[in-house]
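Q: First the structure, which I've put down as structure tokens, then a few questions once you've had a look.
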Amino acid sequence: MLSKESRPDSSSQKVLLVDDEEQMCDVLGEALTHMGHQVVTAGDGREALEKIAQNAFDIVITDINMPRMDGIELIKRLAGDRKEIDIIAITGHAMRYSYTDVVSAGASDFIIKPFTLNELEAKLTRIIRERSLRKELEHLAIRDPLTGLYNRRFFQRIVRKEALRAIRYRHPLFLFFFDIDHFKMYNDMKGHQAGDQLLVQFAELLKSCIRKDLDVAFRYGGDEFTLLLPHLLPDSAMSVADRIRQNYNLLGLTPTFLSVGIAQFIEKTGAVDGDIADMIRRADRSLYHAKHDLGGDTAFFDGEKPE
């Protein structure tokens with residue numbers, strides 16, 4: 001068994017151990033802690049759900065037979081509502097519950113008492129490896145490979161989530177569209193490698209100018225980028241855009257500069273998807289106005305506000 005010190009940090013998981021036998025919780029909890037994991041315990045399925053509602057867990061290891069709510073019911077609940085959690089079921093009733101029963105309920109794996117800690121560690125290692133692979137594949141699916149920003153596909157998911165949140169909590173939501181003017185000229189003058197580096201520099205600039213864990217930046221496609229900014233005061237929208245433009249100009253990436261189009265989310269159609277489409281149209285129209293009518297190197301806010 002690997003010691004805690006020899007184990008890579010990436011393998012450490014937040015584990016919820018669910019068993020009504022206090023001695024079993026103590027023994028397994030100590031072993032899991034020694035393996036390098038963070039361990040929280042619960043006495044049955046109902047207590048487990050309460051703790052999951054308050055904390056994020058990677059893996060749940062649960063006994064099957066428990067009072068109030070048994071392991072099968074807990075597994076079904078988590079499989080339906082918390083698909084990000086992997087589950088290992090433990091039971092001493094091998095004849096009553098088959099591997100198929102438990103996996104069909106939603107568990108990732110199944111282990112029968114009595115078992116060795118090496119058996120448990122082997123199952124955890126497999127699950128952790130699979131979790132790591134899933135995260136890597138998800139990262140590739142939602143990130144732009146050049147800049148590391150979220151991609152256009154993920155934008156569609158996040159903009160809906162933020163719009164629903166804006167409706168629920170009655171806070172403003174703004175969409176910024178950025179276009180790098182004369183980017184093709186820059187590419188032709190300095191080569192595609194320099195052009196790629198420019199895009200990376202702008203992505204880093206966006207990340208440095210936005211609020212961590214609140215604003216979200218995307219590479220929308222080509223030399224177009226977007227920002228979603230919730231909880232932004234309407235009077236601050238132009239200030240944010242101007243600050244980003246000015247910081248971009250300090251990079252000295254001539255002859256390029258930025259055009260910015262801004263729109264605020266407004267409830268109009270009675271359907272969130274229709275209101276999102278309207279916000280995107282207005283931001284795109286504002287970008288066109290900034291780029292073509294005002295000559296670029298400026299920001300334009302369409303000015304439409306909620307009633």
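Q: Given the structure, is GLY222 more than 25 Å from the chain's Cα centre (by Cα), more than 22 Å from LYS161 (Cα to Cα) and either surrounded by fewer than 20 Cβ atoms within 10 Å (Cβ to Cβ) or of a type in the set (Lys, Arg) (or both)?
A: No; evaluated as a whole, the condition is false for this residue.
Q: Shifting gears a bit: Take GLY195 and tell me if it is surrounded by fewer than 16 Cβ atoms within 10 Å (Cβ to Cβ) and not acidic (Asp, Glu).
A: no
Q: Additional query: Would you check which residues across segment 276-307 are among the basic types (Lys, Arg) and either in contact with a helix residue (DSSP H, G or I) (Cβ under 8 Å, 6 or more places away or on another chain) or closer than 24 Å to ARG157 by Cβ (or both) and list them?
A: ARG281, ARG282, ARG285, LYS305, listed by residue number.
Q: Looking at this structure, is ARG143 within 19 Å of the chain's Cα centre (by Cα) and surrounded by fewer than 19 Cβ atoms within 10 Å (Cβ to Cβ)?
A: yes
Q: Working only within segment 238-274, note down all residues that are outside any loop (DSSP other than H, G, I, E, B), free of Cβ contacts under 8 Å to residues at least 60 places away in the same chain and closer than 25 Å to GLN197 by Cβ.
A: Listed by number, the residues that qualify are ASP242, ARG243, ARG245, GLN246, ASN247, TYR248, ASN249.
Q: GLU162: part of a helix (DSSP H, G or I) and not assigned by TED's automatic domain parsing to the domain that holds GLY222, yes or no?
A: When the stated conditions are applied, GLU162 does not pass them.
Q: Taking only segment 66-91 into account, find how many residues are surrounded by fewer than 17 Cβ atoms within 10 Å (Cβ to Cβ) and either of a type in the set (S, T, N, Q) or in contact with a strand residue (DSSP E or B) (Cβ under 7 Å, 6 or more places away or on another chain) (or both).
A: Residues that pass the stated criteria total 0.
The values are calculated or read from the model by the stated rules, or taken from the named source; none is laboratory data. Keep in mind that what you see is a predicted model, and the values were worked out from it rather than measured. Heads up, the Cβs are rebuilt from the backbone with ideal geometry, glycines too, and the neighbour counts pull from every protein chain shown.
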